[in-house]
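The values are calculated or read from the model by the stated rules, or taken from the named source; none is laboratory data. All figures in this text were calculated on a predicted structure; none of them were measured in a lab. All Cβ positions, even for glycine, are placed from backbone atoms using ideal geometry, and neighbour counts span all protein chains on display.
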Amino acid sequence: MSKVHIKQLSKVFGASGTNTVPALQGVDLMIEDGEFVTLVGASGCGKSTLLRILAGLEHHSSGSVICNGADIVGPSADRAMVFQHYSLYPWLNVMENIKFSRSLKANREDITSADVEAASGRADALLDLIGLNKYAKAYPNQLSGGMQQRVAIARALMGKPAMLLMDEPFGALDAQTREVMHDLILHIHRMEKTTIVFVTHDVDEAIYLGQRVILMQPRPGRIHSIYPVPLPVRRDQEMKHSTEFRALKSEILARIRESSGMTTDQELLKKLNQTSEIT
């Protein structure tokens, strides 16, 4: 179970005084158990900061973040995070990377032989799920970027977290590999029933993956709009060409330009070009 209630959340960087930078202000959001939500918005709108607060890696300045009735005050095994960079341990092979959390002292206390067997079975199942069972003994430097990110996702899922937090995890991948990863994470979401919060700059990605798209605006970061995605649970790449998909994409892109001041910037650029033509 992982129901999250974010209420009037604010985050200010820097000590009190003139050098403070407000990153988030007055964020209100409810995330249902098992939901897949995506966060989009222009750079500087606080998407990653909000994700890090949910992970317990960053402390908020005011407001509250409650997960299953308890305040989030630090990292927890119930919340796993996948970063844009794969962060695999180069001295461990694929299977060892996936099982890494089981080697931590906190996860070995009071462990039984049945627990060890169950963990081994889950690691095998995850390896099969991500399609890398032939590479169990390979090392990260022997894998492509997409394969490394699959291992990072499997490692995050090893402890059966209630919530998976993903910060632009496919940003460094080529377009074709990203599509494969999109379908993989949707399949994992259906299988594991994990609550997923996914940060991205790619509006296509946000719509294709999310059940709701949360649009944030900058200076300071706050929620601008929330869009339910009118697509069925089981999705395929052809849906990106549907009228509903394209209409939602156009609306979100227009709102991003509007909320970030990009429309004004484009008008200034147009004036600059006109001035250049005259001179």
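Taken over the stretch 241-253, the criterion of being surrounded by 12 or more Cβ atoms within 10 Å (Cβ to Cβ) and either of a type in the set (A, V, I, L, M, F, W, C) or over 20 Å from the mean Cα position of the chain (by Cα) (or both) is satisfied by S242, E244, F245, R246, L248, E251, I252, L253. Evaluation of L129 against the conditions (1) modelled with pLDDT of 90 or more; (2) touching a Leu at 6+ places or on another chain (Cβ under 9 Å) shows that the sole unmet condition is (1).
Scanning the stretch 48-61 for residues that are under 17 Å from the mean Cα position of the chain (by Cα) and of a type in the set (G, A, S), we see that the one that is farthest from F170 (Cα to Cα) is G56. Select from the stretch 118-134 the residues that are touching a residue at least 24 places away in the same chain (Cβ under 8 Å), in a helix (DSSP H, G or I) and of a type in the set (A, V, I, L, M, F, W, C) and list them in ascending order. A119, A123, L126, L127, L129 - these are the residues of the stretch 118-134 that are touching a residue at least 24 places away in the same chain (Cβ under 8 Å), in a helix (DSSP H, G or I) and of a type in the set (A, V, I, L, M, F, W, C). Residues that are at negative phi and touching a Lys or Arg at 6+ places or on another chain (Cβ under 7 Å): does the stretch 165-183 have at least one? Within the stretch 165-183, one or more residues are at negative phi and touching a Lys or Arg at 6+ places or on another chain (Cβ under 7 Å).
Has the stretch 9-29 got any residue that is in contact with a Phe, Trp or Tyr (Cβ under 6 Å, 6 or more places away or on another chain) and closer than 27 Å to S259 by Cβ? Yes: one or more hits.
Figure legend. Inter-residue proximity from the stretch 211-233: first residues farther than 14 Å from L50 by Cβ, second residues among the hydroxyl-bearing types (S, T, Y), beta-carbon distance below 6 Å, spacing 6+ or different chains. Indicated pairs: V213/T38; V213/Y227. Scanning the stretch 62-91 for residues that are over 19 Å from the mean Cα position of the chain (by Cα) and buried (at least 17 other Cβ atoms within 10 Å of the Cβ) yields a single hit, G63. All conditions but one from (1) assigned to a helix (DSSP H, G or I); (2) more than 14 Å from the chain's Cα centre (by Cα) apply to L231; the one that does not is (1). Note on the stretch 227-275: among residues that are at pLDDT 80 or above, among the hydroxyl-bearing types (S, T, Y) and in contact with a strand residue (DSSP E or B) (Cβ under 7 Å, 6 or more places away or on another chain), the one that is nearest to V203 (Cα to Cα) is Y227.
Within the stretch 29-48, the set of residues being among the small types (G, A, S) and crowded, with 24+ Cβ neighbours inside 10 Å comprises G41, G46. Would the stretch 4-13 turn up any residue that is touching a strand residue (DSSP E or B) at 6+ places or on another chain (Cβ under 9 Å), within 30 Å of S144 (Cα to Cα) and surrounded by fewer than 14 Cβ atoms within 10 Å (Cβ to Cβ)? Within the stretch 4-13, not a single residue is touching a strand residue (DSSP E or B) at 6+ places or on another chain (Cβ under 9 Å), within 30 Å of S144 (Cα to Cα) and surrounded by fewer than 14 Cβ atoms within 10 Å (Cβ to Cβ).
Within the stretch 54-72, the set of residues being touching a residue at least 40 places away in the same chain (Cβ under 8 Å) and either assigned to a strand (DSSP E or B) or of a type in the set (D, E, K, R) (or both) comprises E58, S62, G63, S64, V65, I66, C67. With respect to (1) surrounded by 13 or more Cβ atoms within 10 Å (Cβ to Cβ); (2) modelled with pLDDT under 90, the lone exception for D110 is condition (1).
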